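Take a look at the structure set out below.
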Amino acid sequence: VFVTQMAAEDGSHLWLRLPANAHAEISAPRQSPTLNIAVEELQQAWKGAPVRLVIQKDKQLQAEGFRIRHEDNKITLTSPTETGLLYAAYHLLRMQETGQNVVEAQTTENPAYNLRILNHWDNMDRTVERGYAGQSLWNWEELPNTLSDRYKEYARANASIGINGTVLNNVNASPKILSAEYLQKVKALADIFRPYGLRVYLSVNFASPMALDSLSTADPLDKEVIRWWKNKVKEIYRIIPDFGGFLVKANSEGQPGPCDFGRTHAEGANMLADALKPYKGIVMWRAFVYSPSDADRAKQAYLEFEPLDGQFRNNVIVQVKNGPIDFQPREPYSPLFGAMQHTPLMAEFQVTQEYLGHSNHLAYLAPMWKEFFEFVAPASLKAVAGVANIGTDANWCGHTFAQANWYAFGRLAWQPSLSSGNIADEWLKQTFGSQPSDINAQLKKMMLDSHEAVVNYMMPLGLHHIFAWGHHYGPEPWCSIPGARPDWLPSYYHRADKQGIGFDRSSKGSNAVAQYPETLAKQYDNIDTCPEEYLLWFHHVPWSHRMKSGRSLWDELCHHYDNGVRQVRDFQKIWDAAEKYIDAERFHEVQSKLKIQARDAVWWKDACLLYFQEFSGMPIPYEIERPI
Ligand code: GCU
């Protein structure tokens with residue numbers, strides 16, 4: 001089902017297709033690596049009035065915040081920091097490229113979070129876990145002596161949308177990343193990223209002291225272990241003075257952690273936090289934990305972490321995936337948000353489309369992330385992280401429209417109150433230039449509908465994790481592997497039988513609903529008030545259950561799958577109608593991917609309906625396209 005990657009040279013510019021040779025008049029208070037970038041970008045691409053960059057403290061501006069003012073035919077960019085001025089420069093250019101009125105512009109911008117960070121799941125051998133855009137950007141073999149041009153382009157793209165941190169390596173971390181040899185390679189990247197305001201962080205393996213220096217234990221309370229980490233951190237900061245800190249996946253899916261030594265997650269995180277504290281480094285400790293047990297998997301992270309609330313050092317942030325299971329096409333939010341009032345929390349989103357058709361399917365994810373923020377107040381979080389979808393492919397992300405997810409992640413991390421539509425609009429205009437407004441409106445509609453379309457043809461009405469074993473691309477609700485962990489099999493999640501389908505997480509079932517705040521818990525607990533998009537997440541529902549549409553659950557399921565297929569076919573028509581306005585290369589790339597997506601949507605519909613029909617025993621309604 002995979003096409004070979006076509007060279008999409010034109011896609012390599014991402015959303016930064018700025019004019020060259022504009023010769024704008026720009027002044028800055030001084031020369032510095034960061035200010036020089038801001039000045040050069042504006043000199044080349046800014047077509048308006050002279051611009052003055054001013055470093056100035058201002059009560060209304062946070063460190064990276066900025067103000068843009070237009071007065072007497074002069075534009076003044078103000079920020080307390082150089083990075084803030086760089087962001088202001090990119091913002092001004094964004095306004096120009098998206099056709100906003102700069103003359104009347106009086107913009108004040110502050111980031112919602114101080115930490116807006118990408119997580120690369122990149123391995124040292126350049127494979128990328130759940131990566132669908134070629135190899136890892138980091139060429140560890142060649143580093144630190146040979147430096148790819150892409151490193152700078154990567155930093156520039158991030159700076160243009162306000163991303164200010166990057167975790168270079170996979171959470172399933174190789175201890176090797178902390179070796180003296182690799183730290184020099186990391187330093188080379190950090191040096192390139194620094195002028196762009198982008199800090200480097202590393203994922204660390206909790207058993208590194210054992211793997212790298214043959215310590216007999218990695219027990220976080222052991223003196224030798226504590227000393228080892230202190231020395232390692234000192235070594236890192238000697239090489240990279242502005243190093244950001246560690247990301248840790250511990251006691252999860254086979255990774256080592258403090259629980260191996262009878263210690264808690266808090267004890268493990270705090271030991272690392274103490275080592276980093278003198279240098280202002282932080283620990284991002286992941287709450288993605290579950291094990292084969294009697295407890296519903298959706299409940300496990302909460303059961304393990306909620307009792308630790310208040311026990312973490314203040315330079316630890318607990319990083320929680322948006323939903324309680326694992327980046328499914330749709331999940332309710334993770335109830336850990338809101339439950340740990342005394343612990344800084346950050347949300348982890350997945351930009352790479354592990355469960356959303358990889359880089360073959362067009363799925364614009366801003367609406368999904370906005371859905372999360374409807375439940376979790378942005379102000380209750382300390383930071384946001386996004387699992388990157390970036391690789392060596394000429395177009396960076398495998399699918400031109402997947403670039404929009406990198407873009408949207410950055411924009412929402414800067415300001416979650418931005419709308420999905422505005423972000424799509426910005427991205428379209430910068431990526432494809434200005435289109436006739438009806439074409440632009442159609443492309444935007446396609447983007448805005450695309451996530452729901454994927455939910456429809458993959459897992460509507462709260463279904464989840466019915467993916468094929470391992471690769472998580474196609475459907476395999478029937479999957480059975482003798483001896484496999486039950487919670488790794490789709491039947492654990494869909495629970496289809498003659499009576500109905502869905503996971504009973506109500507008070508009569510696993511009672512996962514009780515982890516939510518009372519009003520929501522009540523709403524989700526009752527089959528009649530539970531929102532239909534979460535119905536089969538929280539309830540085992542009889543096939544004949546009456547849905548809001550008046551249809552039976554079975555008929556409704558058929559309609560959702562069928563709708564998903566139709567939606568993708570509409571996307572194909574919308575895209576074809578844009579042919580005249582898009583360069584041939586990107587046009588054909590997206591067109592062929594949409595063909596794959598349309599075929600896959602039919603595959604999902606047919607596979608799931610024919611399989612579930614064995615349980616429902618009900619006919620597929622005639623208005624639904626017959627399965628092949
Ligand atoms: C998912 C994913 C893994 C990843 C894990 C994680 O389970 O399939 O590849 O390692 O999440 O987030 O740690």
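Bear in mind that the values in this text are calculations on the coordinates, not laboratory data. Owing to the predicted nature of the structure, the values given are computational and were not obtained by experimental measurement. Cβ placement follows ideal geometry from the backbone for every residue including glycine, while neighbour counts extend to all protein chains displayed.
Once you have the Kirkwood Rh of region 326-468 from its Cα pairs, apply Stokes-Einstein at 10 °C and 1.306 mPa s and quote D in µm²/s. Could the numbers behind the result be given before it?
Details: Rh = 15.9 Å.
Stokes-Einstein gives a translational diffusion coefficient of 100 µm²/s.
For region 180-254, the list of GluC sites (Glu not before Pro) that fall in a loop by DSSP and count at most 11 other C-beta atoms within 10 angstrom reads Glu253. Of all lysines in the structure, the ones whose alpha carbon falls short of 29 Å from that of Lys277, not counting any fewer than 8 places away in one chain, are Lys57, Lys59, Lys176, Lys185, Lys187, Lys223, Lys230, Lys232, Lys234, Lys249, Lys321, Lys382. Residues whose amide H comes within less than 5 Å of that of Val167, counting only those at least five positions distant or on another chain, are Leu118, Asn119, His120, Tyr201 (H built at 1.01 Å from N in the peptide plane). Each part reduced to its alpha carbon centroid, region 576-598 and region 348-371 end up 20 Å apart. Maximal additional length on extending the Gln572-Ser380 stretch stands at 65.1 nm, based on 0.36 nm per residue less the C-alpha distance.
Taken along its three principal axes, the alpha carbon spread of region 7-48 comes to 42, 23, 12 Å, from the longest extent down to the shortest. Annotation: amide H-H contacts under 5 Å for Ile282 (H modelled 1.01 Å from N, sequence separation of 5 or more, or interchain): Gly245, Phe246. Straight-line reach from Lys152: taking Cα to Cα under 13 Å and skipping same-chain neighbours fewer than 8 places apart, the aspartates and glutamates in range are Asp191.
Kindly put Asp191, Asp125, Asp504, Asp294 in sequence by how many other C-beta atoms sit within 10 Å of each C-beta, fewest to most. Working shown, then result.
Details: Asp191 15, Asp125 10, Asp504 20, Asp294 5.
Ascending Cβ contact count within 10 Å gives the list Asp294, Asp125, Asp191, Asp504.
Taking only the alpha carbons of region 438-585, we obtain Rg and Dmax values of 18.4, 57 Å in that order.
Hey, fewest Cβ within 10 Å first, where do Thr519, Thr108 land in order?
Thr519, Thr108
Of the chymotrypsin sites (Phe, Trp or Tyr not before Pro) found in region 500-578, no site is in coil according to DSSP while having at most 12 other Cβ atoms within 10 Å of its Cβ.
So what is the 222 nm mean residue ellipticity for the chain from helices alone, if each DSSP H run of at least 4 adds -39500 (n - 2.57) and you divide by all residues, rounding to the nearest 500 deg cm²/dmol? Let's see the in-between values first.
Values: 17 runs with 231 residues, N = 628.
The helix contribution divided over the chain gives -12000 deg cm²/dmol.
Over region 372-429, all Cα pairs binned in 5 Å intervals from 0 give whole-percent P(r) values of 4, 17, 25, 21, 18, 9, 4, 1, listed from short to long. Just to compare against my own numbers: the Cα pair-distance distribution for region 1-160, 5 Å bins, whole % per bin, please. Over region 1-160, the share of Cα pairs per 5 Å bin runs 2, 8, 14, 18, 17, 13, 11, 9, 6, 2, 1, 0 percent. Karplus-derived 3J(HN,Hα) values for region 215-223, using 6.51 cos²θ - 1.76 cosθ + 1.60 with θ = phi - 60°, are 5, 7, 8, 10, 4, x, 9, 7, 4 Hz; glycine and proline are entered as x.
Restricting attention to region 518-628, the count of lysine pairs at 8 or more positions apart or across chains with alpha carbons under 30 Å apart stands at 9. Neighbour counting of Cβ atoms within 10 Å sorts the residues Ile466, Ile239, Ile26, Ile117, fewest neighbours leading, into Ile239, Ile26, Ile466, Ile117. Straightening the chain between Asp149 and Arg17 buys 45.8 nm, computed as 0.36 nm per residue apart minus the Cα-Cα spacing.
For region 380-458, the dipole from Cβ point charges (+1 on Lys and Arg, -1 on Asp and Glu) about the Cα centre works out to 220 debye, to the nearest 20. Kirkwood analysis of region 71-227, using all unique Cα-Cα pairs, places the hydrodynamic radius at 18.2 Å. Coupling constants for region 135-149 follow from the phi torsions by the Karplus curve (6.51 cos²θ - 1.76 cosθ + 1.60, θ = phi - 60°), and in residue order they are 8, 5, 4, 7, 8, 4, 4, 7, 5, x, 7, 9, 10, 5, 4 Hz; glycine and proline get x. Normalised by 2.2 N^0.38 Å, where N is the number of residues, the C-alpha radius of gyration of the chain stands at 0.98.
Within a straight-line Cα-Cα reach of under 12 Å, Lys280 can be paired with the following aspartates and glutamates, leaving aside sequence neighbours fewer than 8 residues apart in one chain: Asp242.
Approximating the spin labels as points 7 Å out from Cα along Cα→Cβ, the Ala584-to-Asp309 distance works out to 6.1 nm.
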